[in-house]
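Read through the structure below, which is laid out as structure tokens, and then see the notes.
Bear in mind that the values in this text are calculations on the coordinates, not laboratory data. On a predicted model such as this, the values are computed, not experimentally measured, just so you know. Note that each Cβ is placed from the backbone with ideal geometry, even for glycine, and that neighbours are counted across all protein chains shown.
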Amino acid sequence: MSKDTGYDLLKPFVGKWHTSGIMKSGKDTLKISGTDTYEWLPGNYFLLHKVAVQIGEEINESLEIIGYDALTETYPMQYFDHKGNTGTMLASYLDGHWTFLGDTLRFTGKFSKSNNVLSGIWEQKNEEGEWIHLMDISLERA
């Protein structure tokens, strides 16, 4: 993959998205709704990802910076949320599928053929180190 191709793979994210999904919390199923916005920072080397979603009754807002590392062909991600949390994830792309991997969270998903829907699942690592389904998520281009 050339350096340009790595940045090109980020282009489908750019724009405003209507976010929806469901999250299992014990015996309850919580509705997810809100918006995700991706925009290039000056220079077009990094994406700014803004999240404003509601999961059940809880509001979640965060900012994330996504870059591209041509040496490893991966996408470093650094996030900051409205509760004072921060962390990193590492994204990768293979055969049309995106994976975002953190210490305890993992997303696996893909874009529709038209690039107007991004859908997938989030999983969370339990105390035994197993990945457990956390939520189904879909972003539809606004």
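Placing a pseudo-label 7 Å from each Cα along the Cα-to-Cβ vector at residue 65 and residue 101 gives an inter-label distance of 2.3 nm. Summing Lys and Arg as +1 and Asp and Glu as -1 over all other residues whose Cβ lies under 14 Å from the Cβ of residue 64 gives a net charge of -3.
When you restrict to C-alpha pairs under 8 Å that are six or more residues apart and normalise by the size of the chain, the relative contact order lands at 19 percent. Put a plus charge on the Cβ of each Lys and Arg, a minus charge on the Cβ of each Asp and Glu, and nothing anywhere else: the dipole of the stretch 17-119 about its Cα centre is then about 340 debye. Note on residue 83: lysines with a C-alpha under 24 Å away, same-chain residues under 8 apart excluded, are 16, 24, 31, 50, 125.
Here the peptides 76-83, 7-14 are ranked by packing, the mean other Cβ count within 10 Å, and the order with the highest first is 7-14, 76-83.
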